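Only one structure is covered here, and it is reproduced in the block below.
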């Protein structure tokens, strides 16, 4: 098992999860985070830290496509190990449907 980040993170990008990750397997895009599924040690400490419930085990229904999504972008984006402020529109985007099609950016974040 591994954990993944889904589209609930898009437009929010809370980073509470990166502070608790013991293996630094989070990677930062311009408007979301992903987990490298090959680096994740399945400890699960990140999941309860996400205020928008964007982190799920890969055993959840529909998670299979997110495993590959997370793998792809973790190879392109920089690692993030320090907490940062959420995006300014985080409260507005929380719970919104269709964020992948509406807002997703392939651009990397700053990392750090």
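We did not get these values from a lab; they are worked out from the coordinates using the rules stated. Remember, predicted model here, so these are calculated numbers, not experimental data. Every residue, glycine as well, gets a Cβ built from its backbone with ideal geometry; the counts of neighbours run over all protein chains shown.
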Next item on the list: Please compute P(r) over all alpha-carbon pairs of the chain, binned at 5 Å starting from zero, and give each bin as a whole-number percent.
Entry: 2, 14, 26, 29, 20, 8, 1
Note to self: Could you check the spin-label model distance between residue 94 and residue 110? Points 7 Å from the Cα along Cα→Cβ, value in nm.
What the structure shows: 2.3
Item checked: Helical contribution to [θ] at 222 nm, DSSP H n ≥ 4, -39,500 (n - 2.57), averaged over the chain, rounded to 500 -> -5500 deg cm²/dmol
Check: Can you give the relative contact order of the chain as a percent, counting alpha carbon pairs under 8 Å and 6+ residues apart?
Finding: 42
